[in-house]
Amino acid sequence: MSQDFLTSLGLSGHTSGAFDGTWIQTSGAPLASDNPATGAVLGTVHDASKADYEKVMGAAHDAWLRWREVPAPVRGEYVRRIGEKLRERKDELGRIVSAECGKILQEGLGEIQECIDIADFAVGLSRQLYGLTIASERPMHHMRETWHPIGTVGIITAFNFPAAVWAWNSMLSLVCGNAHVWKPSRKTPLTAVAMTKVCAEVLEEDGFGALLGLIVGTDDEIGTTMLDDRRLPLISATGSVRMGKIVGQRVGARLGRSLLELGGNNALTVLEDADLDLAVRAIVFGAVGTAGQRCTTTRRVLVQRSIYDELLQRLVKAYGSVTIGDPLADGVLMGPLIDEGSVQAFEKAIVEAQSQGARLMCGGARHEASGDCAGGHFVQPTILATDGPIPMTQEETFAPILYVMPVDDVEDAIRIQNDVPQGLSSAIFTMNVRHAERFLSAVGSDCGIANVNIGTSGAEIGGAFGGEKDTGGGRESGSDSWKAYMRRQTSTVNWGTALPLAQGIKFGDD
Ligand code: UN1
């Protein structure tokens with residue numbers, strides 16, 4: 001595999017793991033970033049210490065004090081130029097994403113496109129941070145609502161979207177007037193270093209580099225320090241439900257805000273009137289794409305009984321043509337899992353599901369790759385058929401395991417779909433407008449995302465992204481998600497000569 005992109009992004013050899021406007025010489029333990037497809041070391045990042053964290057946090061805060069005074073549309077102009085840089089470096093950045101987290105190049109490039117899209121969205125938003133004006137009940141009074149920058153935002157991200165989820169947060173938050181301290185996954189530190197380098201170039205010219213603080217470190221040393229740090233009024237965290245509960249409770253204990261985007265257990269319903277060609281394609285992309293390591297991955301397919309056998313057969317056939325291998329190679333549809341632990345979790349889940357009555361329809365084992373990829377963490381995309389929900393279908397296993405079960409009708413599908421702890425994404429395939437509208441109604445899907453004739457994954461940036469229940473309740477990316485990164489101020493101005501009190505209260509005088 002050509003390593004040119006590593007050289008051109010300055011990632012060969014040893015790299016600093018902390019940025020406070022300049023790259024700090026971090027002296028913690030070396031953290032090797034492995035290519036999950038080959039096991040080869042891509043580069044090494046040195047972990048940051050608490051002292052390094054203090055530098056990053058302090059510099060971010062100081063930069064914020066100046067940044068909040070820059071008019072929002074001018075902040076948007078910086079983000080516009082960041083979007084340009086990302087366009088220029090899209091190919092190299094897409095390659096580091098693929099090489100480090102194992103998603104195929106098309107998806108690596110798609111991830112950088114998602115960063116460009118959110119930058120563009122943020123530019124437009126920089127002229128639309130609208131507040132309301134509100135009619136006052138008092139004469140010669142005026143009420144208004146203003147949105148101000150919240151401060152420095154802590155951003156904690158997962159390995160599976162090592163660039164885009166940071167960009168969702170940071171691009172919006174930059175135009176909102178904030179600084180950031182980013183703690184990326186320790187499984188994908190090089191992508192974080194590369195993204196920070198490319199984006200900070202624009203800000204560094206005017207001494208604002210520290211707005212994009214970066215800190216690679218352990219949860220114990222750096223993660224908990226961030227959660228307890230009152231200089232971070234908002235912690236935006238993406239990851240497992242287990243992690244999210246720690247973040248929510250710990251940040252809540254100091255009455256900070258958290259924005260959580262946690263696990264999914266996404267179901268896709270196929271009714272008997274569906275366009276099955278569309279459904280099969282959507283299921284394969286949703287379940288096999290990113291090797292099942294998206295929070296939006298399709299994990300359960302709920303099929304109306306009359307078409308159950310047919311759909312199952314078509315899925316098994318489609319799975320047979322999924323090419324597995326080096327994610328950077330042409331024609332490959334599925335790369336490796338992120339590490340050996342994930343392979344073991346995959347194997348364990350399949351054994352467990354089978355002990356609960358699930359029947360293995362295809363896959364079920366490691367995939368033995370050859371050549372450079374012999375050391376990779378590959379598995380076979382797997383389909384398990386069940387007669388209905390089992391304990392394992394309540395859980396999210398971050399791997400390409402798909403459970404397919406029969407349902408009676410749309411009501412049955414909605415009930416089974418919603419009867420899990422998570423509530424991120426959902427989809428229905430039907431040509432019947434009544435069924436589709438029921439699915440989208442108040443008695444339908446309880447998820448943050450509910451799609452019709454589109455799969456569960458691959459959302460555009462323009463909508464709000466996130467989900468309910470164990471998914472954490474946060475909303476990121478499009479729509480009015482920007483409000484999470486600002487503080488709201490309600491102001492009442494009296495331009496008259498009297499001091500009337502609200503609610504008609506008379507206090508002391510007439
Ligand atoms: C994630 O897996 O954490 O909708 C994010 C999608 C992507 C984002 C996934 N746009 O699948």
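Nothing in this text is a laboratory measurement; each read-out follows from the coordinates by a stated rule. Just so it is clear, the structure is predicted and the values come from calculations on it, not from any experiment. Glycine also receives a Cβ, built like all others from the backbone with ideal geometry; neighbour counts cover every protein chain displayed.
Bridge orientation summary for the chain: considering DSSP beta bridges with both residues in this region, about 40 percent are antiparallel. When the alpha-carbon atoms of segment 206-318 are used, the pair Rg, Dmax equals 20.9, 64 angstrom. Axis angle, to the nearest 10 degrees, between helix 276-288 and the longest C-alpha principal axis of the chain: 70 degrees. Here's how it looks for ILE104: its modeled amide H is under 5 Å from those of THR290, GLY335, which are all 5 or more places away or on a different chain. Taking other residues whose beta carbon is less than 14 angstrom from the beta carbon of PRO184, and scoring Lys, Arg as +1 and Asp, Glu as -1, yields 0. Once the Cα atoms are used to define both axes, helix 189-204 deviates from the longest principal axis of the chain by about 30 degrees. Partner lysines whose Cα lies under 16 Å from the Cα of LYS50, excluding those fewer than 8 positions away in the same chain, are identified as LYS183.
Inter-label distance, VAL493 to SER306: 6.5 nm, where each label sits 7 Å from its Cα along the C-beta direction.
Sorted on the mean count of surrounding Cβ atoms within 10 Å across their residues, most packed first, peptides 232-238, 334-340 read 232-238, 334-340. For segment 264-396, give me the percentage of DSSP beta bridges that are antiparallel, rounded to the nearest 5 percent. About 40 percent, rounded to the nearest 5. Pairwise Cα distances in the chain exceed 30 Å for 50 percent of all pairs. Between GLU347 and GLU437, the FRET efficiency estimated from the beta carbon spacing at R0 = 35 angstrom works out to 0.25.
Taking every DSSP helix (H) stretch of at least 4 residues in the chain, weighting each as -39,500 (n - 2.57) and dividing the sum by the residue count yields a mean residue ellipticity at 222 nm of -11000 deg cm²/dmol.
In the chain, the longest principal axis of the Cα atoms and the axis of helix 90-101 are about 60 degrees apart.
Take 109-120, 312-323, 283-294 and order them by the average number of nearby Cβ atoms within 10 Å per residue, most first; the result is 283-294, 109-120, 312-323. Spin-label model, ALA40 to MET143: label points 7 Å out along the Cα-to-beta-carbon direction sit 6.4 nm apart. Taking a Cβ cut-off of under 13 Å around ALA399, the surrounding Lys, Arg, Asp and Glu residues balance to a net charge of -2, with basic ones at +1 and acidic ones at -1. Alpha-carbon geometry of segment 266-460: the Rg and the Dmax are 16.0, 53 Å, given in that order.
Sorted on the mean count of surrounding Cβ atoms within 10 Å across their residues, most packed first, peptides 420-430, 452-462, 245-255, 35-45 read 420-430, 35-45, 452-462, 245-255. Counted by Cβ distance under 13 Å from ARG487, the other residues give a net charge of +3, where Lys and Arg count +1 and Asp and Glu count -1. Exposure proxy shown here: for TRP166, TRP64, the number of other Cβ atoms within 10 Å sets the order, fewest to most, as TRP64, TRP166.
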